[in-house]
Amino acid sequence: MAPTGALIYGAPAPGLVEVPAGALQLSPLIPGSADISRLPDASAERALILAPPGTLERDYVLAQALRALKPGAPLTAFAPKDKGGSRLKKTLEAFGCQVGEDARKHHRFCHAARPAELTGVAEAIAAGNPRIVPSLGLWSQPGVFSWDRPDPGSVRLLEVLPPLEGAGADLGCGIGLLARAVLASPKVTALTCADVDSRAVACAEHNLDDPRVKVVWADLRRPLEGLNDLDFVVMNPPFHDGGAEDRALGVAFIETAARMLAKRGVCWLVANRHLPYEAALASAFSGVELRGEGGGYKIYEARK
């Protein structure tokens, strides 16, 4: 990768910071972004980092950004005060930075220059790298949804999901937990797995070593091009965007699934009990059945 000018990680709210024109987007949650781990050492002129809330993920991103900056280049890291912002200064100081700090618009901002000598960066990168998680027996990475344990909703869906057949899709596939179970059916001929997180996509490619599988990095609020007339869709749709609950996400997934399915195709969906997806399901499908409920979740089978 060629040397870069400015780096930006994340999508700050309008008016929060001034993003330089042409800044290279690095967020794994924005399809088409560059991979922060592949940036050359000491190559970038400036970095703006909307720091993620998880400790391992946050430290990994800040360490990678510092590694990629030229010595003396400025870094601004910021986050909501209640989602890791109060811990940014301590983290950057541990990496060898001299840090200035201010607060505005419910965010904490830390300003530093990349020191000539960094400390602890290699360790933070190693702690945030992809790895096989023993409790899952699968590749995963800090920052991916439910990265180190089975998601309870997906587990509930697997308890009632029948063997499927034909061509299908796993929307919001994560690291491939649902897809592995779907592929256990020899009657499944093809499975497209898609997720908005490039880290999950990379892990799913490791975990789903099957010629029937195609893994795609995509924003599933819009249909995948060329994917239609499917026999089935399975999904555990997200309902948070940028840390805030967004029920429209699940509705968009339902609408996307319906557009992908052939007549009489089936969608299996698990959702938290409080999410009101019934109207969206009834609008998009001809028949909807509640197939399981418990543990704070509900599972629906919806037929086109």
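Go through (1) 61, 39, 35; (2) 60, 39, 38; (3) 60, 46, 28 and flag the label whose value is the computed Cα extents along the principal axes in Å for this structure. So the structure-derived entry is (1).
Distance between the modelled labels on residue 116 and residue 248, one decimal in nanometres: 5.1 nm (7 Å Cα→Cβ projection). Estimated at 0.36 nm per residue, the fully extended path between residue 303 and residue 272 surpasses their Cα-Cα distance by 9.1 nm. For the pair region 1-50 / region 64-111, the C-alpha centres are spaced 15 Å from each other. Approximating the spin labels as points 7 Å out from Cα along Cα→Cβ, the residue 25-to-residue 76 distance works out to 1.9 nm.
The C-alpha atoms of region 170-282 occupy a region whose extents along the principal axes are 36, 33, 26 Å, arranged from largest to smallest. Rolling a 1.4 Å probe over the heavy atoms of the protein chains gives the chain an accessible area of 46 Å² per residue. By DSSP, what percent of the beta bridges with both residues in the chain are antiparallel, rounded to the nearest 5? Beta bridges within the chain, antiparallel portion: roughly 50 percent.
Partnerless cysteines in the chain, where a partner means another cysteine C-beta under 4.7 angstrom, comprise 97, 110, 203, 267. For region 1-95, trypsin sites (Lys or Arg not before Pro) are listed when DSSP marks them as loop and at most 14 other Cβ atoms sit within 10 Å of their Cβ; the list is empty.
Once you reduce region 130-153 and region 180-233 to the center of their Cα atoms, the two points are 18 Å from each other. For residue 214, the lysines whose Cα comes closer than 30 Å to its Cα, not counting residues fewer than 8 places off in the same chain, are 187, 263, 298, 304. The slack in the chain from residue 228 to residue 123, taken as 0.36 nm per residue of separation less the alpha-carbon distance, amounts to 33.3 nm.
Apolar share of the accessible surface for the chain: 53 percent from carbon plus sulfur atoms, 1.4 Å probe. Between residue 282 and residue 262, how high is the FRET efficiency from 1/(1 + (r/R0)^6) when r is the Cβ-Cβ distance and R₀ = 22 Å? Nearest 0.05. So the FRET efficiency works out to roughly 0.70.
The values are calculated or read from the model by the stated rules, or taken from the named source; none is laboratory data. Because the structure is predicted, anything quoted here is derived from the model rather than measured. Quick reminder, even Gly has a Cβ in these numbers, built from the backbone with ideal geometry, and neighbours come from all protein chains shown. All accessible areas refer to the heavy atoms of the entire protein, side chains included, with ligands and DNA or RNA removed. Shrake-Rupley method; radii C 1.70, N 1.55, O 1.52, S 1.80 Å.
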